[in-house]
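Take a look at the structure below.
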Amino acid sequence: MRTAHKSRPTWLPALVGAVFAAAAAAAPAQVSLTTVVELAQKNSVTVHLAQADLQKATAELAQSRDAFIPSVSFGSGLPAFPEVGFTGSLPSIWGSTIHSLVFSMPQNQYVHAAHAAVQAAQLSLKDAQEQAALDASSAYIELDTVDQELEAARQQEQDAARLVEIEQQRAEAGVDPLSTLLQAQLTAAQLKLSRLHLETRAAVQAKQLATLTGLPVGSINPDHASIPEIPAVTGDRAPIPTAGLESAQTMALSRQRQAQGDKERVWLLPEIGFGAQYNRNTTLLNNIRNYFARPLPADNLSTGFSITVPLFDAGLHAKSRESNAEALRARVEAEQAQQQNDVQIAQLTASLRELDAQAEIASLKQQIAGEQLKSVAAQLELGNGAGIGPGATPQLSPTAEQQAHIDERQNYVDALDAGLNLSKARLNLLRALGHMQDWLDELHPKP
């Protein structure tokens, strides 16, 4: 007798393995700050735009220099129909021309202007990379801090739930009034709201990091150990020009060179060029020889220098005024950028003093709450020796311990928030002082 049995599908293990693999891939992985900064600099739209500007400036520099390099052109053609009569031009079957600029003072200024523009574009690219690093670092540090705050907030909710449970029992027993139970429930609701607020902050920072790095949303789990210490910088530290300021100043120099070149074009300065031309004449489909005393040679070559002196050109005068205005604007923009940076340094320096004091206060409150929690736990465990006479210390209730836990965690969250604000302000001041790269170098391990 044959025993019937149901065979197990062979594809089921593969399907289960694929599901677990997909779940593992979707789970957030621990990513270092160094990796996040590098990805942000590669993925930044601002950096891509700066790279395009640098490529354009480099091409413009090559174009201005190539004016002194001979250019060669070649052309050929055959008459479509037999020519009749004297056409006024030699019947060339093919020809080639060479021409180049030999001497031009305005063109030299244009070359210097293009070279300065390349330097400005390089500095602008460096500035964009620093800004991308600053944005990524700030978001990364905030996400790391919020994750720690979320863990503390969940502990608070657990303590609040225990507090509500205790007060529920005490209210039912008639030990505490109903208002005490309601207050405990209010505390639990407020802590839930705080936790939701932190989850929103975490989601926003996760989205921000995903946008900056190009990684999927929620795939970055911060590695706290990868964050180097941010120096306690102050406004008294000697500032150096930032890449953005140097870019603006170099661009102003480029505009000035351009304006000088346009100005020299309206002067009576000669411009010398070189040219050469070769033609291969043909008598195919034409009777050109009937109009000349001697037969035309097949090979014809001519060379020479051309000298041009601008006597008057209203368009060049207008272009010179336009270039002067652009140079003035670039110089004013560079000065404005310097002034704004100085104001930012002053504002950040003043804010840092306040944030430093707030961080110190929050740290002391956390330490005090921790000591109070230890004291409450000890009294509940060993008894507080409370008496029943007048003026005696009342016996601690079980709710005191839960409230002490909640207060200690709240002061811990406040200390984390104060430290986060201080760290972000220090990073911004480092960038304004031109020392951002010093901190970024700490992200890369030394050999």
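Suppose we filter the stretch 212-240 for residues that are assigned to a helix (DSSP H, G or I) and polar (S, T, N, Q); how many remain? Explain how you work it out, then say what you get.
To start, the set of residues in the stretch 212-240 that are assigned to a helix (DSSP H, G or I) comprises 212-213, 224-226.
So of that shortlist, the ones also polar (S, T, N, Q) come out as 213, 226.
Selection size over the stretch 212-240: 2.
Test of understanding: among L245, L253, L296, L285, which residue is within 30 Å of S76 (Cα to Cα), in contact with a helix residue (DSSP H, G or I) (Cβ under 7 Å, 6 or more places away or on another chain), touching a residue at least 60 places away in the same chain (Cβ under 8 Å) and not polar (S, T, N, Q)?
After ruling out the rest, the residue left standing is L296.
List every residue pair whose Cβ atoms lie under 7 Å apart, where the two residues are 6 or more positions apart in sequence or sit on different chains, the first residue falls within the stretch 258-271 and is in contact (Cβ under 8 Å) with a residue 60 or more places away in the chain, and the second residue, located anywhere, is β-branched (V, I, T) and assigned to a loop (DSSP other than H, G, I, E, B).
Partner pairs satisfying both residue conditions: P270/V309.
Which one of the conditions (1) at pLDDT 90 or above; (2) β-branched (V, I, T); (3) farther than 23 Å from A120 by Cα does V84 fail to meet, given that it meets all the rest?
Single failed check for V84: (1).
Do you know which residues across the stretch 323-345 are touching a residue at least 60 places away in the same chain (Cβ under 8 Å) and more than 26 Å from L433 (Cα to Cα)?
Scanning the stretch 323-345 gives S323, N324, E326, A327.
Rundown of residues vs (1) modelled with pLDDT under 95; (2) over 43 Å from the mean Cα position of the chain (by Cα), yes/no style:
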{"site": "T145", "(1), (2)": "no, no"}
{"site": "E151", "(1), (2)": "no, no"}
{"site": "D159", "(1), (2)": "yes, no"}
{"site": "V164", "(1), (2)": "yes, yes"}
{"site": "V175", "(1), (2)": "yes, yes"}
{"site": "L178", "(1), (2)": "yes, yes"}
{"site": "L193", "(1), (2)": "no, no"}
{"site": "H197", "(1), (2)": "no, no"}
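Could you pull out the residue among F292, F312, F305, F274 that is farther than 30 Å from A432 by Cβ, exposed (fewer than 13 other Cβ atoms within 10 Å of the Cβ) and touching a Phe, Trp or Tyr at 6+ places or on another chain (Cβ under 7 Å)? Walk me through it before giving the result.
On the way: F292 fails: touching a Phe, Trp or Tyr at 6+ places or on another chain (Cβ under 7 Å); F312 fails: touching a Phe, Trp or Tyr at 6+ places or on another chain (Cβ under 7 Å); F274 fails: exposed (fewer than 13 other Cβ atoms within 10 Å of the Cβ).
Every option except F305 fails the conditions.
Considering only the stretch 40-87, state which residues are part of a helix (DSSP H, G or I) and more than 31 Å from the chain's Cα centre (by Cα).
S64, R65, D66, A67, F68
Condition test on P241, is it modelled with pLDDT under 95 and within 30 Å of N108 (Cβ to Cβ)? Before you say what the answer is, go through the steps one by one.
Working: modelled with pLDDT under 95: yes; within 30 Å of N108 (Cβ to Cβ): yes.
Answer is yes for this residue.
List pairs: first residue in the stretch 418-443 and without any contact (Cβ under 8 Å) to a residue 12 or more places away in the chain, second residue surrounded by 19 or more Cβ atoms within 10 Å (Cβ to Cβ) and among the aromatic types (F, W, Y) anywhere in the structure, Cβ distance under 7 angstrom, at least six positions apart or on different chains.
Here the result reads none, with nothing in the stretch 418-443 linked to a residue that is surrounded by 19 or more Cβ atoms within 10 Å (Cβ to Cβ) and among the aromatic types (F, W, Y).
Identify, please: which residue in the stretch 97-134 is in contact with an Asp or Glu (Cβ under 6 Å, 6 or more places away or on another chain) and small (G, A, S) and is, among those, farthest from E60 (Cα to Cα)? Steps first, please.
Start the filter on the stretch 97-134 by keeping residues that are in contact with an Asp or Glu (Cβ under 6 Å, 6 or more places away or on another chain), which leaves 104-106, 114, 121, 123.
Add one more test, that the residue is small (G, A, S), and what stays is 104, 114, 121.
Details: S104: 17, A114: 6, A121: 12 Å.
Here the answer is S104.
So that you can scan it fast, the table gives a plain yes or no per residue for (1) charged (D, E, K, R); (2) touching a strand residue (DSSP E or B) at 6+ places or on another chain (Cβ under 8 Å); (3) not in a helix (DSSP H, G or I):
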| position | (1), (2), (3) |
| --- | --- |
| A161 | no, no, no |
| V175 | no, no, yes |
| Q185 | no, no, no |
| K192 | yes, no, no |
| R195 | yes, no, no |
| A210 | no, yes, no |
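I'm told I307 meets every condition in (1) modelled with pLDDT of 90 or more; (2) under 30 Å from N279 (Cα atoms); (3) not in a strand (DSSP E or B) except one. Can you identify the failing condition by its number?
So the condition that I307 fails would be (3).
Can you tell me how many residues within the stretch 277-317 are under 20 Å from S104 (Cβ atoms), of a type in the set (G, A, S) and out of contact with any His (no Cβ under 9 Å at 6 or more places or on another chain)?
Of the residues in that region, 2 qualify.
Please work out which residue is farthest from the chain's Cα centre (by Cα), limiting yourself to the stretch 100-136 and to residues that are of a type in the set (S, T, N, Q) and not in a helix (DSSP H, G or I). Reasoning before the result, please.
Looking only at the stretch 100-136, we keep the residues that are of a type in the set (S, T, N, Q), and these are 100, 104, 107-109, 119, 122, 124, 129, 131.
From what is left, the residues that are not in a helix (DSSP H, G or I) are 100, 104.
Working: S100: 43, S104: 41 Å.
Applying the filter and picking the extreme gives S100.
Could you check, for the stretch 396-405, whether at least one of its residues is modelled with pLDDT under 90, over 36 Å from the mean Cα position of the chain (by Cα) and surrounded by fewer than 12 Cβ atoms within 10 Å (Cβ to Cβ)?
no
If F274 satisfies all but one of (1) closer than 30 Å to M105 by Cα; (2) of a type outside the set (S, T, Y); (3) in a helix (DSSP H, G or I), what's the number of the condition it fails?
Every condition holds for F274 apart from (3).
Just to be sure, is I361 β-branched (V, I, T), part of a helix (DSSP H, G or I) and farther than 30 Å from A248 by Cβ?
Working: β-branched (V, I, T): yes; part of a helix (DSSP H, G or I): yes; farther than 30 Å from A248 by Cβ: yes.
So I361 passes the test.
The values are calculated or read from the model by the stated rules, or taken from the named source; none is laboratory data. Treat the numbers as computed from the prediction; the structure is a model and nothing was measured. Don't worry about glycine lacking a Cβ; one is built from the backbone with ideal geometry, like all the others, and counts go over all protein chains shown.
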